[in-house]
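First comes the structure, then the notes that go with it.
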Amino acid sequence: MYKKMNSINDLHALAQLTNGFRKSNKTIGLVPTMGALHEGHLSLVDQALQETDETIVTIFVNPSQFAAGEDLDQYPRTLEADLEKLAEVGAQHVFVPTADLVYPPGFSTSITPPQVAARLEGEFRPTHFSGVATVVLKLFNMTRADVAFFGQKDYQQVCVLRAMTADLNVNVQMRVCPIVREADGLALSSRNRYLDADQRKTALVLYQTLQHTRDLITGGLNDGFEIVTEMRQMLIDGGVDNIDYAVVANPQTLETADFIDGPVVALVAAHVGKTRLIDNLMIQ
């Protein structure tokens with residue numbers, strides 16, 4: 001079924017495709033992914049299909065955003081299933097480059113990420129956002145995208161890429177689409193497949209903690225330290241004993257909100273078993 005979709009794996013063919021779009025004054029939508037696609041990814045594709053004339057989905061497990069000891073080798077690779085899913089939702093074009101195509105011999109350039117990358121993920125994965133920013137900028141250039149579609153689940157990533165595009169005058173509009181969740185609230189993630197039944201049940205406490213945090217704030221509690229203390233305790237009580245961070249922060253800068261007097265974002269990163277999960281919730 002997916003053979004009806006235009007599958008590309010070399011830069012010359014991609015350039016020919018995008019040159020044709022430009023000559024026809026067609027807008028190009030980009031959905032960058034690392035594969036192992038789920039409904040969250042497909043919701044981005046659907047949004048891109050609605051907003052742009054031609055949608056290019058990329059599938060590339062980017063080695064530069066994984067540090068030594070992280071799960072690059074174990075990261076799920078399900079290309080055949082991914083292509084079938086993309087065809088089913090009507091995706092028009094998919095670009096599947098190899099690592100040598102993205103990072104050819106002698107490649108030595110990288111992006112220093114903006115200041116918003118320094119906190120949270122930046123503290124626990126210090127090389128991560130350089131790898132993300134570098135590959136996303138390359139994908140912007142390769143696909144000549146007008147609009148790029150990202151999920152809110154990777155909230156800090158969105159902040160980083162927004163700042164990068166502004167700082168470097170990259171002419172790409174960013175669309176941030178809502179988190180897609182299972183019926184019980186678990187945020188969809190390619191890494192959820194690592195969880196066994198008990199771990200998946202434990203993982204629900206991340207979103208439950210975020211909901212409780214929202215209830216505390218909308219109920220009038222404005223002391224950031226008190227809120228974060230309760231967040232961490234709820235995670236621990238729920239069986240999550242390896243917490244990277246649980247914070248309430250400024251939605252733009254991700255600076256910790258010591259006193260809450262406006263919109264904030266609550267963010268959590270924690271390990272359930274050996275699986276690292278992240279989640280977030282905007283709180284007005």
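What list do you get for Asp198, Asp279 if you sort them by fewest beta carbons within 10 Å?
The fewest-first ordering by Cβ neighbours comes to Asp198, Asp279.
What is the gain in length, in nm to one decimal, between Ala15 and Glu123 on full extension, counting 0.36 nm per residue of separation less the C-alpha to C-alpha distance?
The span from Ala15 to Glu123 would gain 35.1 nm if fully extended.
Could you list the residues of segment 51-74 with an amide nitrogen less than 13 Å from a label point located 7 Å from the Cα of Ser110 in the Cα-to-C-beta direction?
Once the point is set 7 Å along Cα→Cβ of Ser110, 63-68 turn out to lie under 13 Å by backbone N, inside segment 51-74.
Check every DSSP H run in the chain and write down those whose alpha carbon atoms cover 30 angstrom or more along the long axis and whose mean Kyte-Doolittle hydropathy is -0.5 or greater.
Result, helices passing both filters: 197-218.
Over the Cα atoms, compute the radius of gyration (one decimal) and Dmax (the largest Cα-Cα distance, rounded to a whole number) for the chain, in Å.
So, for the chain, Rg and Dmax equal 19.4, 59 Å respectively.
Under 25 Å between alpha carbons, and skipping anything fewer than 8 positions from Lys4 in its own chain: which lysines qualify?
Within the straight-line cut-off, Lys4 pairs with Lys23, Lys26, Lys85.
Tell me what the chain gives for mean residue ellipticity at 222 nm when only DSSP H runs of n ≥ 4 count, each as -39,500 (n - 2.57), the sum divided by the residue total, rounded to 500 deg cm²/dmol.
-12000 deg cm²/dmol
Can you give the local net charge around Asn222? Use residues other than it whose beta-carbon is closer than 10 angstrom to its beta-carbon, Lys and Arg +1, Asp and Glu -1.
It works out to a net charge of -4.
Every read-out reported here was derived from the displayed coordinates using simple, explicitly stated rules and does not represent laboratory data. The model shown is predicted, which means the values in this text are computed figures rather than measured ones. No Cβ is skipped: glycine too gets one built from the backbone with ideal geometry, and neighbour counts run over all protein chains shown.
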